[in-house]
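To start, the structure itself, in structure tokens.
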Amino acid sequence: MPALSEAQQKQFRDEGYCILERVIPEDLLALLRDECQGFIDAKNAEMDRLGTDTVGISHRHKRYFIANCLKQRPVLADFMFSEIMAEICRATLGDEAYLFHDQYVVKGGEGGMKFAWHQ
């Protein structure tokens, strides 16, 4: 079964987004979660070292923005260049796609902060 249905591909073309439920295999999802937690822990340690709860636009336990993750953790290539991501890129962007920017954006579950919709 393809990662994106025809309806999802059409929605992406027409509206610029579509929701993909449960398309990431469990092993890759576990990798993403583990790596994300490591980045959050490092950001919290940086905040501790600086004696603050804010570094840039990251706010402790509320939201985190962590960029260039692949450069820091090459194991993320297992997901970013996986067949499922290639399939999603082909279905939404076409046969040629380039990784320009990678970033974790994490909003706190209960005490998150506003984060405007954008692409």
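The values are calculated or read from the model by the stated rules, or taken from the named source; none is laboratory data. Remember, it's a predicted structure, so these values are computed and weren't measured experimentally. Here Cβ is always computed from backbone atoms with ideal geometry, including for glycine, and neighbour counts include all displayed protein chains. The accessibility values were calculated without ligands, DNA or RNA, using every heavy atom of the protein model including side chains. Shrake-Rupley method; radii C 1.70, N 1.55, O 1.52, S 1.80 Å.
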For the range 35-52, Karplus couplings with θ = phi - 60° (6.51, -1.76, 1.60), whole Hz, Gly/Pro x = 5, 4, 4, x, 5, 5, 4, 5, 5, 5, 5, 5, 4, 4, 4, 8, x, 9
Here FRET efficiency (C-beta to C-beta, residue 68 to residue 98, R₀ 22 Å, nearest 0.05) is 0.90
Using DSSP to define loop residues, name the trypsin sites (Lys or Arg not before Pro) in the range 11-64 whose beta-carbon has at most 14 other beta-carbon atoms within 10 Å.
-> 22
How much of residue 85 can a 1.4 Å solvent probe reach, expressed as accessible area in Å² and rounded to 10?
-> 50
Given backbone amide H placed at 1.01 Å from N, residues whose amide H is under 5 Å from that of residue 58, ignoring those fewer than 5 places away on the same chain, are 65
Quick one: Cα centre-to-centre distance for the range 71-101 and the range 12-61, in angstrom?
-> 17
For a paramagnetic label modelled at 7 Å from the Cα of residue 83 toward its Cβ, which residues of the range 10-30 fall within the zone defined by backbone nitrogen distances under 13 Å?
-> 25
Largest first, how would 17, 64, 104, 98 line up by accessible area (1.4 Å probe)?
-> 98, 17, 104, 64
For the Cα atoms of the chain, what angle does the longest principal axis make with the long axis of helix 6-15, in degrees from 0 to 90, nearest 10?
-> 60
